[in-house]
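Colleague: Take this structure, written in C-alpha cells, and hold onto it; I'll ask about it next.
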Amino acid sequence: MSFNLTNEPTFDSYRSPVLSLGGMVASSQPLASTAGLQILNAGGNSADAAVAMAAVLNVTEPTSTGIGGDCFALYYKASTGQITALNGSGRSPKNLSLELLADKGLSEKLPPFHALTVTVPGACAGWFDLIERHGSMAMLNILKPAIELAERGFPVAPITAHFWKNGVSRQLSQSSGGSELMIDGRAPHPGEIFRNPSLSRTLRIVAEKGMQGFYQGEIAEAIVATISAHDGVMTLEDLAAHTSTWDEPISTTYRNVRVWECPPNGQGLAALLALNILEEFDLSALPPLSPQRLHLQIEAMRLAFADTRWYVTDPSTSNHQPPLSALLSKAYATQRRKLIDHEKATVNWSHGSPVSGSDTVYLCVVDNQGNACSFINSNYMGFGTGLVPEGWGFSLQNRGYNFSLDAHHPNTLAPAKRPYHTIIPAMLTRETDDTLFGPFGVMGGFMQPQGHMQVVVNMIDDGLDPQTTLNQPRFCIEDGKSSGRIALETGLTVETMSNLARMGHQIYPVHGFARSIFGRGQAIVRDKHGVLWGGSDPRADGHAAGQLT
C-alpha cells in the first residue's frame, strides 16, 4: 500500500504534550528521538543522548544537518545548577581574505553555494568536547545507532523528502559528490528506503579514532580535495587547527525566569534584547495573537536585529568587542523601548549605542537525573554548499556566506574567523531558585531568535504548555533585518493581518511547505513536581518521547 503524500500538509496539530517522570527527548525526526531514548535507557545522560540524536539526524535529515556543519550546546548540570555553553562553530580558512575575493571579482557578497563559503566544520569536535566534559558513555556506543541506521537504511519522512527534493535541484545536482545523497539522480520519495554506507563509514572512523579521524587523515584529505577542486582555499592545516570553545553563557531575566543563550558569534543576543524590551509591556493584558501584541513583539525584534546585525561578530578576532553587559542592561532596554510607537511601525531602525563614546536541526534532552542539554546542529541552507567529499556521504556547510565583505563592519570576513552564526540553543531556569525550567529552541536561520522570543512569551506570559506553544502561529521578520518584510503564518486572522498592514508593517501570508520560514522547534519543561512536559513542532516530522522510568 502507498499513501498520497503529494498534497501540502496543513500543519494543524491536535497533539497533546508528552508527559513523563523519567527522561525525555524531542527532535524533528522520530528515529532520532528513538535513538535518544535508547541511550537514556542504556544509562547515558542528556549529553550522550543529544550527540546520539545529532548523529542520527545527520542520517535521516541531511537536508538540514550533519558532520559537515557546526553545532552549539547549552548544558544544565543538575548537581550544581550551572549552565555551560559550547561553541562548536568553525573558522574561515587562513588563506581567505577580502583581497583574495577582490582578485576573484567578489567584492559585494559571496555566492551562497561557493566553496569559498565553507568554514571548517565544527560539529565533530563539538560532539567529542560535549561528551568529554559532560557525557558518560563511549563515543562508539553513542554513535552506534546512527552507524547502523546509515548502513541498513531508513524510510524517508514526508516533510524531509520535500526539502530533500529542493536540495537536489538547488545544490546536490550541481555539486561534486552530490550523487551520494541521491537515488538515481533524484531525491528519495516519502517512505522510500535511503541508505548511506559512506556516512556509516565516516561515523565508524570517527567513533574509533576520535575527532582526529575527521580533522586529520583521509576524511580531511577528501574535504580539502573537494574544496580545492571548486576554487576554495581550505587546507589540511585549517582542519587540523580547529578547536571548539567553552564560553560563558549570556542571559537576562524575563518576568519569573532567566533566559540563557550562547554568546556571540551566535545571534542568541537578539532574543535576549527583544525580551528585555518587551518585559515592561503588559503583554498578558493583550489577547494572544492580537495585532496590538504582535506589533509590540515585531517592533522589539526589529530593534534587537538592528543591534545584533552590528554587534555580533567573532570576539576572539574582531577589534569590535560587543559590549554585552551594556547591551543586556535593563537601562538600555528602557532606552530602546521608548522608540516604539504603539500605533505605527518603524521599518528601518539603526543600531543603538549602549555605552558612551535555512536550515538546521534542534533537539533537546532532559535525563532522569535532571541534567538538560539544549543542542543545535546545522549545515546552513539545507545541504549547505552541496559539496560532498567523495566517498564520505556528508555535505559541507556554507556558513561563510554570513560574513560581511565591508572592511569596516565588525563581522567582516577575515582569515581564521568565525562568522555571524544563526544557530542558537536556549535554556530557561527559575529566577527564584535557579532550578531547571527547561531547554528549548526553534531552528531556521534568522527565524531562531524570533522563535525564541515568541516561545518564551507563549509559555511565560500565557502559561501555555510546550506543545501548545509550538502549535501557535508565528511571525517572521524576513532575513533578520530590521527593515525586513513580515511573514505571517496561516492561522492568524485576516483581521489581524489587515490591522498590522494598516500600522505600516509590510506583511505577506505564508502557508503550506513555505511555512518552513517560521522554523521548527522542540521544547521540554520540568515542572516543580519533577514532571517533564515535552512538545515537538508540527511543522516537522518529529516528536517528543518520554522514558518509562
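Colleague: Can you tell me which of 229, 157 is of a type in the set (A, V, I, L, M) and within 23 Å of residue 92 (Cβ to Cβ)?
Modeller: Residue meeting the stated conditions: 229.
Colleague: How many residues are part of a loop (DSSP other than H, G, I, E, B) and buried (at least 24 other Cβ atoms within 10 Å of the Cβ) if we restrict to the range 69-123?
Modeller: So the count comes out to 12.
Colleague: Separate question: Would you call residue 176 surrounded by 14 or more Cβ atoms within 10 Å (Cβ to Cβ) and more than 24 Å from the chain's Cα centre (by Cα)?
Modeller: Answer is yes for this residue.
Colleague: State whether the residues of the range 270-290 include one that is crowded, with 23+ Cβ neighbours inside 10 Å, over 28 Å from residue 464 (Cα atoms) and either out of contact with any Lys or Arg (no Cβ under 6 Å at 6 or more places or on another chain) or modelled with pLDDT of 95 or more (or both).
Modeller: There is no residue in the range 270-290 that is crowded, with 23+ Cβ neighbours inside 10 Å, over 28 Å from residue 464 (Cα atoms) and either out of contact with any Lys or Arg (no Cβ under 6 Å at 6 or more places or on another chain) or modelled with pLDDT of 95 or more (or both).
Colleague: Can you go through 371, 379, 402 and tell me which one is closer than 19 Å to residue 125 by Cα, surrounded by 20 or more Cβ atoms within 10 Å (Cβ to Cβ), under 21 Å from the mean Cα position of the chain (by Cα) and not charged (D, E, K, R)?
Modeller: After ruling out the rest, the residue left standing is 379.
Colleague: Which of the residues spanning the range 497-549 are touching a Phe, Trp or Tyr at 6+ places or on another chain (Cβ under 7 Å), assigned to a loop (DSSP other than H, G, I, E, B) and either over 13 Å from residue 15 (Cβ atoms) or among the small types (Gly, Ala, Ser) (or both)?
Modeller: Correct list: 527 only.
Colleague: Give the residue, chosen from 152, 133, that is surrounded by fewer than 24 Cβ atoms within 10 Å (Cβ to Cβ), in contact with a Phe, Trp or Tyr (Cβ under 8 Å, 6 or more places away or on another chain) and not aromatic (Phe, Trp, Tyr).
Modeller: Criteria check complete, one pass: 133.
Conditions tested, residue by residue: (1) of a type outside the set (A, V, I, L, M, F, W, C); (2) modelled with pLDDT under 95.
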| site | (1), (2) |
| --- | --- |
| 15 | yes, yes |
| 20 | yes, no |
| 34 | yes, no |
| 52 | no, no |
| 59 | no, no |
| 70 | yes, no |
| 84 | yes, no |
| 89 | yes, no |
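Colleague: On the given criteria, is residue 471 out of contact with any helix residue (DSSP H, G or I) (no Cβ under 9 Å at 6 or more places or on another chain), within 29 Å of residue 83 (Cβ to Cβ) and crowded, with 20+ Cβ neighbours inside 10 Å?
Modeller: Criteria met by residue 471.
Colleague: So if I check each of 442, 456, 494, 525, which one is among the hydrophobic types (A, V, I, L, M, F, W, C) and surrounded by fewer than 19 Cβ atoms within 10 Å (Cβ to Cβ)?
Modeller: Of the residues listed, the single one that is among the hydrophobic types (A, V, I, L, M, F, W, C) and surrounded by fewer than 19 Cβ atoms within 10 Å (Cβ to Cβ) is 494.
Colleague: Then there is this: Restricting the search to the range 473-496, which residues are more than 10 Å from residue 517 (Cα to Cα), outside any helix (DSSP H, G or I) and among the charged types (D, E, K, R)?
Modeller: 481, 485
Colleague: Which of the residues spanning the range 221-245 are more than 25 Å from the chain's Cα centre (by Cα) and buried (at least 16 other Cβ atoms within 10 Å of the Cβ)?
Modeller: 222, 224, 226, 230, 232, 233, 235
Colleague: Let me confirm something: among 393, 382, which residue is touching a helix residue (DSSP H, G or I) at 6+ places or on another chain (Cβ under 8 Å), modelled with pLDDT of 95 or more and closer than 30 Å to residue 231 by Cα?
Modeller: None of the other options fit; the residue is 393.
Colleague: How many residues are in a helix (DSSP H, G or I) and either under 19 Å from residue 154 (Cα atoms) or within 18 Å of the chain's Cα centre (by Cα) (or both) when one looks only at the range 47-66?
Modeller: Of the residues in the range 47-66, 13 are in a helix (DSSP H, G or I) and either under 19 Å from residue 154 (Cα atoms) or within 18 Å of the chain's Cα centre (by Cα) (or both).
The values are calculated or read from the model by the stated rules, or taken from the named source; none is laboratory data. Treat the numbers as computed from the prediction; the structure is a model and nothing was measured. Reconstructed Cβ throughout: ideal geometry from the backbone, glycine too, with neighbour counts over all protein chains shown.
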